Structure formats: structure tokens, C-alpha cells
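Quick notes on the structure that follows.
The values are calculated or read from the model by the stated rules, or taken from the named source; none is laboratory data. Owing to the predicted nature of the structure, the values given are computational and were not obtained by experimental measurement. Positions of Cβ are generated from backbone atoms using ideal geometry, with glycine treated the same way; all protein chains shown enter the neighbour counts. Calculation scope for accessible area: heavy atoms of the full protein, side chains included, ligands and nucleic acids excluded. Shrake-Rupley method; radii C 1.70, N 1.55, O 1.52, S 1.80 Å.
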Amino acid sequence: MNSAAEDAQLSHEVSRNRDVMLRLLSVTASLAGLCIAALGFMEFGSPEAAYRTLADEVIAFDAMLFVGCVYLILWALRTHSLRRARMLGRVIDGVFLIALTTMLLAATYIVYWVL
């Protein structure tokens, strides 16, 4: 009986996480596009500026993290295993927060030292 209660709780948690993942899917895809556009704008300005290399690398890393997050979300939405979906939800949260935080640090670097 304890296992049935745990399964019901797991099912409810995964169901709630799927709703969040559906919203997060479009956000992460948009942020990946924003990172790629920012790279293009930074390279278009003055490519010889040495101070932009750190920001370029961080933003490119963020774009890869956001695209990876999109793939993880799609995998989590398509899986039939509740335990795998819960584990992927936790990984997605971590990857998204790391990408968002490093994007904020890159933006702070650009605003503070470049502009």
C-alpha cells in the first residue's frame, strides 16, 4: 500500500512538472536564439576588441546549454517512465538555472566593462 501511495505522489509530481516543462520549452528555445543573435551583434560591432572574447565564449556556452535544455525537455516529455521524467526534470532545472545565471554574468560583464 505504501508503494501505491508513492506512485500516486510521483505521478502527481511528474504531471505538474510536465506543465512547467511545456512552458519552459518555448522560453529556453527563445533564450538560445537570443544568445545566438547576441553573438552575431557582438561580432558585427568591432571584431578586434579583445574584451569581447570572454563574453562571446560565455554566451556561446549559454546557447549550447539552452539548446541542451530543449533536448532534455523533449526527452522528459516523451518518456513513459515516471522516475526518469522526475530525474530529467531535476536535471533540466539545474541546467536552466546555470545557463540563466551565466547569461546574467555575461550581460553584467558586457554592460560594466564594455559599455
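A few remarks follow.
- Selection within segment 1-39 - among the basic types (K, R) and open to solvent by less than 80 Å² (accessible area, probe 1.4 Å): R18
- Hits in segment 76-102 - residues which are open to solvent by less than 50 Å² (accessible area, probe 1.4 Å) and modelled with pLDDT under 95: A76, L77, T79, S81, A85, L88, G89
- For segment 64-75, residues that are more than 14 Å from S26 (Cα to Cα) and either surrounded by 18 or more Cβ atoms within 10 Å (Cβ to Cβ) or in contact with a His (Cβ under 8 Å, 6 or more places away or on another chain) (or both) total 1.
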